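Participant: Shown below is the structure under consideration.
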Amino acid sequence: MTQRPAQAADQELVKALAREVVRRAAPGELRSFRFTSEAYFADPQRALKGDRTGAGVVGSGVTEAVEALSPIALAVSSEVALYLVTSYVARGVVKGGRAASEAVRRLIRSRSDGEAAGAAGPILELRTAEERSEVRRIVGEVVARNGHSEELAREIADALTDAGPEAEPEGS
């Protein structure tokens, strides 16, 4: 049986990364984030199905149902965290899963609740253009696989890696 990313990546690392995405894009969801993350880790597929009946603007421009952002942020964060942890171990930067998770955790730029939506700068302090490109690819793949818009993928990718011409090649 193939491990789901939510099981393969450190749950606390995934939650920390997803919480920053939610803080940036839909700060109103922070009140229910703990509950949503528990539901996600118990059954990711069920949490991702969620209620998509809403269609209003969330946070700083995301056009998805409010309760749909936290589960997709958790799914994206699961795969991004898994990629980064695996990358650090493969490069020999750190030895072992826990040390790799801690190294990736240090890449996360946590914001205070007061900064909330629209805070400047990327959530992840990635070191290379290759890492930024791969994180953006992962975000696009996870968001599309779960039936969400390219606009949502772009917003999450921009929040994680920083928006701008150097972050995403023209024509993407």
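The values are calculated or read from the model by the stated rules, or taken from the named source; none is laboratory data. Just so it is clear, the model here is predicted, and its values are computed rather than measured. Neighbour counts are summed over all protein chains in view; Cβ atoms, including those assigned to glycine, are modelled from backbone coordinates with ideal geometry. When the accessible area is computed, the model is the full protein with side chains, heavy atoms only, and any ligands, DNA or RNA have been set aside. Shrake-Rupley method; radii C 1.70, N 1.55, O 1.52, S 1.80 Å.
Participant: Output yes when any residue across the stretch 43-58 is part of a strand (DSSP E or B), modelled with pLDDT under 95 and surrounded by 21 or more Cβ atoms within 10 Å (Cβ to Cβ), and no when none is.
Facilitator: yes
Participant: Could you please find all residues in the stretch 27-40 being within 20 Å of E79 (Cα to Cα) and either open to solvent by less than 30 Å² (accessible area, probe 1.4 Å) or in contact (Cβ under 8 Å) with a residue 60 or more places away in the chain (or both)?
Facilitator: The answer is F33, T36, S37, Y40.
Participant: Still on this structure, please answer the following. In the stretch 99-129, how many are modelled with pLDDT of 85 or more and touching a Ser or Thr at 6+ places or on another chain (Cβ under 9 Å)?
Facilitator: Residues flagged as modelled with pLDDT of 85 or more and touching a Ser or Thr at 6+ places or on another chain (Cβ under 9 Å) within the stretch 99-129 amount to 4.
Participant: Look through the stretch 141-152, keep the residues that are part of a helix (DSSP H, G or I) and buried (at least 19 other Cβ atoms within 10 Å of the Cβ), and return whichever of them is modelled with the lowest pLDDT.
Facilitator: L152
Participant: A81 passes all but one of (1) at pLDDT 75 or above; (2) open to solvent by 60 Å² or more (accessible area, probe 1.4 Å); which number fails?
Facilitator: Only one criterion is unmet by A81, namely (2).
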